[in-house]
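The values are calculated or read from the model by the stated rules, or taken from the named source; none is laboratory data. For clarity, every value in this text was computed on a predicted model and none was experimentally measured. Cβ placement follows ideal geometry from the backbone for every residue including glycine, while neighbour counts extend to all protein chains displayed.
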Amino acid sequence: MRTALLPLIIIYRIYFAVIFFLVLLILYPVFWTLLLKRSNFNRVFKLKVITARIILFLDFIGMNRSGDLPQVNQGPFVICTNHSSYLDIILMYRILPKQRFLFIGKSELLKWPIMNIFFKKIDIAVDRNKRNSAMRSIVRAQEELANGWSIAIFPEGGIHPTTPVLGTFKNGAFKLAIDAQVPILPITILDNWKIFSAEPLFTGRAQPGISRVIVHSPISTIGLDKNDLISLRQKTFDTINAPLLKAHEKIKKHGN
C-alpha cells in the first residue's frame, strides 16, 4: 500500500517544503526589520504564531489540543516536549500562541537558509561540542527566563531514531528549570511522526492530518536543587511518555 502511495508522498513532501520556505521568504523582510531591535521581540513572536497558522493551513494540517493551557501569569516555563518531526517546531506556535517562548536548538540550524535568522537574532543556538557555546546558551536562557520569556527545549536532544518511542532525556532542561526555580511545562505530541517524519528525506512518512497534542499540568521546581534533577527528569519523562505508550498500544492492536 505504501509503495503505491509513494509518488503522492514524495509530491506532498516537496509541496510541504515549498510552502514552508515560500511563506518564510515572503515574510523574511518583515522579520529581518523587526529583529533589528530587541524591543520588537514580542511582535516577532506574534508574527511567528501567524506564520505557523498559515503554513499549517496551506499544508492541510490541523491540531486537536487537550489539557488546560497555563495562564500567562503562571510562567515563565521551561517547556519540554517529545521530538519526532520537523513539524514539531511549527506546531509549538499553535500549541502555545499566547505563552511567548524562545527555542533552544542545535547550532546546525544556523546553516539553514532563511530560518537561521531566528537563531542568530532571537532563539538560542547551542553547540554541545563546544563548552563555551553551551555556557553562553545557558546564560542567555537564564536571562530570558528572568525577562519573562519561556524556554522551549526538546529534552531528547534531537529527533530520536526510535521515534515515536521516546528517547532518553538529557539533563540541560531540568538543570535550567531548577536553577531558575521555574516550572517545567510538559507537552506530548502524538502524531507528528506519522504526519511528517524527518527521514528519509523524500520518501519518509508524509500526509495531511490532525496532530493530537496534550498539554500537561506544570511541574513545580520550587525548593528543588541539583539533588532533585534526576527525579524531576524522570517525572517529566513519565508524564510525556504515558500518552505515547497508550497510543503505541493502539497502533500495535491495529497493526499500523
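Look through the range 117-132, keep the residues that are loosely packed, with under 15 Cβ neighbours inside 10 Å and touching a helix residue (DSSP H, G or I) at 6+ places or on another chain (Cβ under 7 Å), and return whichever of them is modelled with the lowest pLDDT. Looking at residues that are loosely packed, with under 15 Cβ neighbours inside 10 Å and touching a helix residue (DSSP H, G or I) at 6+ places or on another chain (Cβ under 7 Å), I get Arg128. Residue count for the range 110-160, restricted to those that are under 16 Å from Met92 (Cβ atoms) and among the hydroxyl-bearing types (Ser, Thr, Tyr): 1. Does the range 29-47 contain at least one residue that is under 18 Å from the mean Cα position of the chain (by Cα), surrounded by 12 or more Cβ atoms within 10 Å (Cβ to Cβ), farther than 30 Å from Thr162 by Cα and among the basic types (Lys, Arg)? Checking the range 29-47: at least one residue is under 18 Å from the mean Cα position of the chain (by Cα), surrounded by 12 or more Cβ atoms within 10 Å (Cβ to Cβ), farther than 30 Å from Thr162 by Cα and among the basic types (Lys, Arg).
With respect to the conditions (1) buried (at least 19 other Cβ atoms within 10 Å of the Cβ); (2) assigned to a helix (DSSP H, G or I); (3) within 18 Å of the chain's Cα centre (by Cα); (4) touching a residue at least 40 places away in the same chain (Cβ under 8 Å), Arg53 falls short on a single one, namely (1). Candidates Leu176, Leu166: the one that is touching a residue at least 60 places away in the same chain (Cβ under 8 Å), part of a loop (DSSP other than H, G, I, E, B) and within 24 Å of Asp238 (Cβ to Cβ) is Leu166.
Counting only strands (runs of 3 or more DSSP E) that fall entirely inside the range 71-133 and contain at least 3 residues that are of a type in the set (Gly, Ala, Ser), no element qualifies. When the test is whether a residue is closer than 21 Å to Pro186 by Cα, in contact (Cβ under 8 Å) with a residue 12 or more places away in the chain, assigned to a helix (DSSP H, G or I) and not polar (S, T, N, Q), Glu156 does not pass it.
The sole residue among Ser85, Ser66 that is buried (at least 16 other Cβ atoms within 10 Å of the Cβ), under 18 Å from the mean Cα position of the chain (by Cα), polar (S, T, N, Q) and under 27 Å from Gln234 (Cα atoms) is Ser85.
The single condition among (1) free of Cβ contacts under 8 Å to residues at least 60 places away in the same chain; (2) under 19 Å from the mean Cα position of the chain (by Cα); (3) buried (at least 18 other Cβ atoms within 10 Å of the Cβ) that Ser150 does not meet is (1). Taken over the range 121-136, the criterion of being under 17 Å from the mean Cα position of the chain (by Cα) and under 22 Å from Gln181 (Cβ atoms) is satisfied by Ile124, Val126.
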